[in-house]
């Protein structure tokens, strides 16, 4: 691992990448409400530039200093082929979420839409939490950021969710907190395991070669603890009940961040601190995780078919897609892991597009969210319809668009070890085509609903908001190697099935 | 016992002496100042008290740290004693910072007696926390209890306050009786009352006769007496009523001071002196830890009064702390010590805000009233937010590292199930801590928007903000501070 980037210490540069959003969040306290969005946007753009520059640096960089030696806690930041796609996703979607109109933070016609500054500050702080998980090079450091994500997310849901915010937020937080704390016991167990193998109470020791060597029984339990933490956040199916309403009732930009990035922190953690550290444990849990993942794929797709409100459809689509990611990680082969990372980016982009489109449709239908209130808008708003079609096709995994490449890699990599799971997942692929056609037809085809009136076709601001997402869907679809190239090289250095 | 005390003996108790002197100075000043306006009296008395506490802290810090005990084995003078002393004095200073604006705002009578008694209680805590002998331990316990009996009833016009005083007095007397009986039984078994001698005596006795009922009863009674002071379940019944009824600054003093001092004593008795014969007491404290964690957290869930909620949650924290004692390792003791410091600071933040909101009649601290506090009192809300988040144990604040310490020690000592229960209960505590924490930043419910006029705005903000800053510092600067706690834990058992 290289210790400098662009001639400056890597720890310093990565710290800047990590803390810039939080600094921006604190800085928002000093500006006026009207200026808040502008400042947040500048911070988000600067953040994405800093993150993008990492592409030009050496592949794997990092640095560390001691924080709490008694627990092997170091302030260690690093990025490599695995972390970089996630970091770029987080920075990119932050720009999208902040660039969305501030009025979207509340439902149409809400009398008390809430403070703009608090809203953007929470979005920025949440991003620092997520980046911390992706950049952490020390076990307890990652945990610190994992828990730090909770507070801004709690605030965003409690204050800005369309209905019943405090209850939805509390449910989300308690689920996640419980999972996270169980994971903490696992991390303490990692310390104890390292201690038993003569490395002192230092869980970081397991991140090196020691990880694979500890005995299978210990690996089984430690992997279980990690799994408990991420299962809520992915979410895997019996632990998902917080997800649909949280995503659907949150303002669209918040849903973009929650579904697009926060859920990915769980996938990242499962790979980095689960599968790669405890191969034997992961293998033992493989049938369970794969089964839950397949159930999630099918259940999410069926629920997306049945849901009436469009944002809720999108939330279930997300649930189904996350099942694919979990399946890829569970399979644990090179192809499946690379596919999971690729699909993490793709899903983030596509789900962001769907949530933003949902908000645009809702505002055109005077606040109506039910698919029954939509219909026949393709003729009236052709540009909106075209964009919507592109994103919908990406969501169903049309070859040539980004959604396909990731799903295909996952299924290919999984087939070698879990052929039965692929069969189950393919059911989900078929259902995906069904639900995508259903919600597209319900909105754009059929008789035009009277609700649609004064609003214009896709405005320039809306087009600008969606443009980077569409570009990503097309470009990654045509050249997935942009992401998987370095990933395969990196995975090749590990001993994977 | 040798009664020829050396200068080193007196130097070892310099902080105690300074506090005792301050008590006298405050009483004298109260007498001389009685002609002045009450506002000035409160300010001067609080200032004098604070100077005394800070001076005691600095003298302890800069004075020589002995390696053993002074006064023929009565008072401990080691790094652990220093650590506990500083923890208690930090808590005491925060209590004074909370008290002055509170007394002025609610117009409490007899400020001179209040400060003198608070300092006397603090002195008792210091004696208890640094006791190396059952007699000093008992002396400290009685001294702090007597002062607190009066303080709990200090809001005389308030029915609940008098109830709190009586309740605390009756139950505490019983508990102290149990403790004394336990000490007597242990004396019967070993022929000693010095902690180290009792420990050695019990080891010999255990080897000769394999324990025996008397020894078990003695250990159990001592555990029960101390468990009462830290409000461990099932000795917790008094806590909610007393915490709720007493004036908020007194509640703070009880919550942080008594608990820290009593836990220091628990560490010295069980981990330090009786550590080698852990089989005798570990099951007792194990059961207490489980009951306390579960009981405290579950009972806190339905509370609607914020002060009462904090009372129940402080019971829960005693449970987490007991985990560190049960681990019976130096890592566990270090965890307990660090937890105590973090606990002191973050509770000072939470109770400090309670003190800033509480009215003379004890109202103003309903949970529902916290909603929208950020819009009315932004600094107070921020301080409370930080404290509550730290109380859950969310990193990177002080409370997290305290929990990391005790849970980590439990896992290392082979009690992963205790750590597991601890984290599950922490998740439960997320419900009652995080809900008010976020409610602070939600729009106020229409009925509760009328904030009472508040004259001592600046004063009431100071202590919570300082405490919140300390909570953050205990997280970010955990490295050196934890090393200090670990070094203190190292010497507890020799």
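Looking at region A:356-379, can you tell me whether even one residue there is buried (at least 17 other Cβ atoms within 10 Å of the Cβ), in a helix (DSSP H, G or I) and touching a strand residue (DSSP E or B) at 6+ places or on another chain (Cβ under 8 Å)?
The answer is yes, given that some residue of region A:356-379 is buried (at least 17 other Cβ atoms within 10 Å of the Cβ), in a helix (DSSP H, G or I) and touching a strand residue (DSSP E or B) at 6+ places or on another chain (Cβ under 8 Å).
Residue A:185 is checked against (1) within 28 Å of residue A:364 (Cα to Cα); (2) within 11 Å of chain B (Cβ to nearest Cβ) and fails just one. What number does that condition carry?
Only one criterion in (1) within 28 Å of residue A:364 (Cα to Cα); (2) within 11 Å of chain B (Cβ to nearest Cβ) is unmet by residue A:185, namely (1).
I want to confirm something. Restricting to region B:365-420 and keeping residues that are more than 23 Å from the chain's Cα centre (by Cα) and within 19 Å of residue B:300 (Cα to Cα), which single residue is nearest to the other protein chains (Cβ to nearest Cβ)?
The selected residue is B:371.
Is it true that residue B:144 is touching a helix residue (DSSP H, G or I) at 6+ places or on another chain (Cβ under 9 Å) and modelled with pLDDT of 90 or more? Please lay out each step first, then the result.
On the way: touching a helix residue (DSSP H, G or I) at 6+ places or on another chain (Cβ under 9 Å): yes; modelled with pLDDT of 90 or more: yes.
Yes; evaluated as a whole, the condition is true for this residue.
Can you give me the number of residues within region B:421-442 that are over 22 Å from residue B:291 (Cα atoms) and either at the interface with chain A (Cβ under 7 Å from one of its Cβ atoms) or in a loop (DSSP other than H, G, I, E, B) (or both)? Before the answer, list the steps.
Step one: filter region B:421-442 for residues over 22 Å from residue B:291 (Cα atoms), giving B:434-442.
Those left that are additionally either at the interface with chain A (Cβ under 7 Å from one of its Cβ atoms) or in a loop (DSSP other than H, G, I, E, B) (or both): B:434-435, B:438, B:440-442.
Summing the residues that are over 22 Å from residue B:291 (Cα atoms) and either at the interface with chain A (Cβ under 7 Å from one of its Cβ atoms) or in a loop (DSSP other than H, G, I, E, B) (or both) in region B:421-442 gives 6.
Kindly establish whether residue B:321 is within 13 Å of the chain's Cα centre (by Cα), crowded, with 20+ Cβ neighbours inside 10 Å and within 14 Å of another protein chain (Cβ to nearest Cβ). Steps first, answer last, please.
Working: within 13 Å of the chain's Cα centre (by Cα): yes; crowded, with 20+ Cβ neighbours inside 10 Å: yes; within 14 Å of another protein chain (Cβ to nearest Cβ): no.
So residue B:321 fails the test.
Just give me the residues in region A:209-226 being more than 14 Å from chain B (Cβ to nearest Cβ) and out of contact with any helix residue (DSSP H, G or I) (no Cβ under 6 Å at 6 or more places or on another chain), in sequence order.
Those that are more than 14 Å from chain B (Cβ to nearest Cβ) and out of contact with any helix residue (DSSP H, G or I) (no Cβ under 6 Å at 6 or more places or on another chain): A:209, A:210, A:211, A:213, A:215.
Looking only at region B:471-482, how many residues end up being crowded, with 23+ Cβ neighbours inside 10 Å and away from chain A (no Cβ under 13 Å)?
Looking only at that region, the number is 1.
Residue A:135 versus (1) at pLDDT 95 or above; (2) within 14 Å of chain B (Cβ to nearest Cβ); (3) within 30 Å of residue A:191 (Cβ to Cβ): which is the lone unmet condition?
So the condition that residue A:135 fails would be (2).
Residue A:110 versus (1) in contact with a helix residue (DSSP H, G or I) (Cβ under 9 Å, 6 or more places away or on another chain); (2) surrounded by fewer than 22 Cβ atoms within 10 Å (Cβ to Cβ): which is the lone unmet condition?
(1)
Which residues, counting only those in region A:193-208, are within 10 Å of chain B (Cβ to nearest Cβ) and surrounded by fewer than 23 Cβ atoms within 10 Å (Cβ to Cβ)?
Of everything in region A:193-208, those that are within 10 Å of chain B (Cβ to nearest Cβ) and surrounded by fewer than 23 Cβ atoms within 10 Å (Cβ to Cβ) turn out to be A:195, A:196, A:201.
Assess whether residue B:252 counts as being touching a helix residue (DSSP H, G or I) at 6+ places or on another chain (Cβ under 9 Å), closer than 25 Å to residue B:167 by Cα and part of a helix (DSSP H, G or I). Give the steps one after another, and end with the answer.
Details: touching a helix residue (DSSP H, G or I) at 6+ places or on another chain (Cβ under 9 Å): yes; closer than 25 Å to residue B:167 by Cα: yes; part of a helix (DSSP H, G or I): yes.
Taking the combined requirement at face value, the residue satisfies it.
Results for (1) buried (at least 22 other Cβ atoms within 10 Å of the Cβ); (2) in contact (Cβ under 8 Å) with a residue 60 or more places away in the chain, shown as yes or no for each residue.
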{"residue": "B:53", "(1), (2)": "yes, yes"}
{"residue": "B:62", "(1), (2)": "no, no"}
{"residue": "B:108", "(1), (2)": "no, yes"}
{"residue": "B:131", "(1), (2)": "yes, yes"}
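Counting just the residues of region A:29-73 that are part of a helix (DSSP H, G or I) and within 14 Å of another protein chain (Cβ to nearest Cβ), which one comes out nearest to residue A:116 (Cα to Cα)?
Going residue by residue through region A:29-73, those that are part of a helix (DSSP H, G or I) are A:29-30, A:33-53, A:69-71.
Imposing the further condition that a residue be within 14 Å of another protein chain (Cβ to nearest Cβ) reduces the set to A:29-30, A:33, A:69-71.
Working: A:29: 11, A:30: 13, A:33: 6, A:69: 40, A:70: 42, A:71: 40 Å.
Here the residue is A:33.
Applying the selection to region B:1-19, what residues are surrounded by fewer than 17 Cβ atoms within 10 Å (Cβ to Cβ) and under 30 Å from the mean Cα position of the chain (by Cα)?
B:8, B:10, B:11, B:14, B:17, listed by residue number.
The values are calculated or read from the model by the stated rules, or taken from the named source; none is laboratory data. What you see is a predicted model, and the numbers here were worked out from it, not measured in a lab. When we count neighbours, we look across all protein chains shown, and the Cβ atoms used for this are built from the backbone with ideal geometry, even at glycine.
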